[in-house]
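Please read the structure below before turning to the comments.
Any read-out appearing in this document is the output of simple, stated calculations on the displayed coordinates, not a laboratory observation. None of these values were measured; they are calculated from a predicted model. Because the Cβ atoms are built from the backbone with ideal geometry, glycine has one as well, and the counts that use them run over all protein chains shown.
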Amino acid sequence: MTFSKFLALSVFVSLKLFVNTNSIAQNTNATTAKKAQGKTSLASYEKYIDDKMDTHLKEFIELVSIPSISSIPSHKPDVAKAGAWIVNKLKAIGITTAQLIPTEGNPVVYGSWNKAPGKPTVLIYAHYDVQPVKESEWDNPPFAPVVKGGKIFGRGASDDKSGVMTSIWAVETLLGKDGKLPVNVKFLFEGEEEIGSPNFKNFLEKNKELLQTDFAVTADDIQYSEKDPAITLSLRGAAQLEFSVKTANTDAHSGQFGGKTPNAVVAMSQIIASLYDKLGNVAVEGFYDKVVPVTAQQKEMIKRIPYDPAKDMKILGTTAEVGDPAYSSLERIWYRPTLEIVGMQGGYTAAEGHSNIIPGNAMARITCRLVNNQSGPEIIDLIVKHINKNCPAGATVTYKYKAGYAKPMKYPNDTKAFHYVADALSEVYGKQPLQMATGGSGGAMLSFKETLGVYAYSLGFELPDEKWHAANEFFRVSSIRRGQLIYCYYLQHLADEESKLKK
């Protein structure tokens, strides 16, 4: 998700999506027959999936063991190693076109099965890069995955190597059981989602003909719960910035120089405090200028949402909610931008010991989540101007600009592409999917629409409590099985419905 995708545990909210059943089926008898056929077909795949589960778990552990951290340059070979591993897996299931395609950054994994002439093409997106780790916070080493209690623990197990492998295994199941696919399929797995997909749009533009498709889905997404399916239809944008404060060439003895020497950590704290007002709003001049006000229709929709903030507080272990009280929790999550300090460093911070110093340097990292008309480069420029204006005497500031900006995005829920995904989810879960909005970002999704002309609807199986980007990230074994069944049904259902439209 994405990416994807800096996204610690984001707060997710939902609105029940009542799909118009008349648009799904015009004839009750035909619908009943279709569902009966679908259940029979899925039943035939279940045994194949169950028989392969032990093998698939071993494969999953192999892939999650590769520390494909895209934001740390020293792990660039590991990112390439993970990509090569996926290419070999695709070739092993019969995707002979599988290859690593270079970009200005990390390579993209591509593979296609195009032996269904006259049938539509579906492109499946996911990402194989992962977030950094703080190993000391993990119960088990993050790149030595373990399976316990029906869960696979490891960095990237949920976000998003689960999306990569679930979609591959589903195609493996269809090929293994039927010897063919009901539609043409293209796989596209990115290696830079966790750093904002800086080279992805350029890659799409250079390979438009290769990537031409009728439909697209992203496996980098979530379900609302183990029992409740969901489709994400709204994402915020994102922008990042790192800045450093210097007050001296070296740390100073706090006794010898204290009381007259500028402290870099204090200066940093003063700058950060200046970024917010007492209500929790961002105090950067111009930050909200292009934000469209929450509409009356949106407010009415939010009133109908059965959202319980206590659930999120329990997941995170928090004891209070913060933010401008003029807006509800859901308004702040869906329709308001944020500026978060996602990391700070300065002075002596080792786990043990105590150093009596006046720090000469400090560093902080910022992530902004953006909405509607906001532009990432414009917002970063405003923040830089604010910091320069509020820099204390005796301190100087330098900046490290992060490549890649994610724009906000919304999906329509009245397209046939949407309904095909909704049908597949409702078939396996036994209920219509919820409509989800997320405060997270996915720059690659907007690139699909702008470059390839298709919406990549969400079809991923991460769950909100699986600690993406945090210590002890995990993915449920049950989701591996369910996800494969849904992909099998989705591809078959899409082929059947598109065939009907041609008659």
Original post:
Rounded to the nearest 5, what % of the DSSP beta bridges within the chain are antiparallel ones?
Top reply: 70
Original post:
Can you sort Ser441, Ser65, Ser458 so the residue with the fewest Cβ neighbours within 10 Å comes first?
Top reply: Ser65, Ser458, Ser441
**OP:** Let me have the 222 nm mean residue ellipticity of the chain computed from DSSP H runs of 4+ only, each contributing -39500 (n - 2.57), with the sum over all residues rounded to the nearest 500.
**Re:** -11500 deg cm²/dmol
Original post:
Please state the relative contact order of the stretch 405-484 as a whole percent: Cα pairs under 8 Å, 6+ residues apart?
Top reply: 27
**OP:** Towards the positive end of the charge dipole of the chain, with charges on Cβ (+1 Lys, Arg; -1 Asp, Glu), say which of Ala283, Ser458, Val371 has the farthest Cα.
**Re:** Ser458
Original post:
Rounded if a/c is under 1.5, else prolate if a/b beats b/c, else oblate: with a ≥ b ≥ c from the C-alpha gyration tensor eigenvalues square-rooted, which is the stretch 222-346?
Top reply: prolate
Original post:
Which order do Cys391, Cys488 fall in if you start with the one that has the fewest other Cβ atoms within 10 Å?
Top reply: Cys391, Cys488
Subject >> Cβ charges +1 (Lys, Arg) and -1 (Asp, Glu), total dipole of the chain, debye >> reply: 860
Original post:
Out of these labelled values of Rg/Rh (Cα atoms, Kirkwood Rh), [x] 1.03; [y] 0.97; [z] 1.00, which was calculated from the coordinates shown here?
Top reply: [z]
**OP:** Pick out, in residue order, every one of the GluC sites (Glu not before Pro) in the stretch 303-379 that is DSSP loop and has at most 16 other C-beta atoms within 10 Å; say none if there are none.
**Re:** Glu321, Glu352
Subject >> Sorted by Cβ neighbour density within 10 Å, fewest at the top, the residues Thr451, Thr173 >> reply: Thr451, Thr173
Original post:
Can you give me the Cα centroid spacing of the stretch 193-234 and the stretch 344-377 in angstrom?
Top reply: 31
**OP:** Output the relative contact order of the stretch 247-353, whole-number percent, from Cα pairs under 8 angstrom with separation of 6+ residues.
**Re:** 31
